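To start, the structure under review is shown below, and the notes come after it.
Only the coordinates and a few stated rules stand behind these numbers; no lab work does. All of these numbers come straight from a predicted model, not from anything done at the bench. Reconstructed Cβ throughout: ideal geometry from the backbone, glycine too, with neighbour counts over all protein chains shown.
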Amino acid sequence: MTDRTEQQGDGADPRRQMMELADTDPHEALDWIGRLDAPLAQDSIVQMAKIIAFRRIALGAPGAKSGTDYGGAFSEEELAALEEGLAAVRALQDSDPEYFQEQTETYDPKHPISSILIAAEGVWPGSVQRTLGWTRFNYFHGKQFGYAPHLNDGIPNPVKQAVYQWKLRDLPLFKSAFVIGFARSQERLSIWLLEEDLRRTENIGAAGILGTLSISSDGSYQFSPQGADVGGAHAAGDDSGGAASDTGDTFPDEVAGPNDDTTSIPWIGIALACVLLLIVISCVRQMR
C-alpha cells in the first residue's frame, strides 16, 4: 500500500499514528477522526485510516472471517461497519482519484480497500459495482463466478488471474457471472453477466442473462447485451471515474463463435436433442 506519510520522511506524522491506531483500537480511531476539522478529515491518509478502522470492526482479526459465503457471519454492528467502510471507500475515490488509483491499480486481497470490497460483494452481491461504478471478478465468491462444464480446467491459470484482476466499468449491474467459452489463441473468455446471484438461484435461467462479456487477458473487453448485435468496447488501462452505465459507445460485435480454437457449450444442439427426445416420448405414448 502506497503511504504518503513515508514520502514526507516524518516518522512522527500523526496521520501514521492514526492509521496504526485504526488497526488496534478502531473505535478510538474513529472517535479521533470524528473530532477533526473538516479539511483535515478529508485528508486522504485520514480517510484511509477510517477505512482501516471500519475493516477491523467488520472483519475482526486477519482470517477471522473467510470462505466463499459470508451469510450469517456478521453481527448487526459488523454489517453496519462494513456498510460504512464501503461508503468510506467511495468517498476516497471521489475526493482523491489519483491516490485511490494508486491504492487499487493492482489487486491485493490484504489491502484495506480490497478487504472491504471483497466482504461487501460477498454480503451484498453487486454492491461494489453499484457504489463505485466498477468491479473486479476477484471480488466475487465461489459460485458467484462459475464455469461451464470442463472449461475451468482448460483455461490456463495466468489467463484467469489476468482476467480476474481487471477493473470492469460501463456495464449493466450484474451480481454473478458464468464463463461459457474460451478462445485459446486470443486468451479470451466469453462470459455471461447475470442479473441475480448464482449462489441464490436454482439455475442460470433464473439468474437472468444480461448479455455476454468478451474479455481478453490484456484487459480489453466488450459487452453485447442479450439479443443485441453490438457492445461497448474497452481497452486495458481505461480507468476513468464515474458510475457505471447500461450502454456506452457501440462497436461491431466481435464475440467469437464456436470454432476449432474455442471451447464452448453446444447449446443449440442440446436444445434440439431435448426436442427430439420429447417427440420420441410422445410417439411411444401414442403407440400404447
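If you check 112, 97 for being under 17 Å from residue 45 (Cα atoms) and crowded, with 22+ Cβ neighbours inside 10 Å, only one passes: 112. I'd like to know if segment 84-101 contains one or more residues that are over 14 Å from the mean Cα position of the chain (by Cα), under 20 Å from residue 163 (Cα atoms) and not polar (S, T, N, Q). Looking through segment 84-101, none of the residues is over 14 Å from the mean Cα position of the chain (by Cα), under 20 Å from residue 163 (Cα atoms) and not polar (S, T, N, Q).
When segment 139-159 is filtered for residues that are more than 26 Å from residue 104 (Cβ to Cβ) and among the aliphatic types (A, V, I, L, M), the ones remaining, listed by number, are 148, 151. Just for segment 150-167: of the residues that are free of Cβ contacts under 8 Å to residues at least 40 places away in the same chain and crowded, with 16+ Cβ neighbours inside 10 Å, which one is nearest to residue 140 (Cα to Cα)? Filtering first and then ranking leaves 160.
Residue check: residue 74 meets all listed conditions (1) of a type in the set (Phe, Trp, Tyr); (2) farther than 23 Å from residue 132 by Cα; (3) outside any helix (DSSP H, G or I) but one, namely (2).
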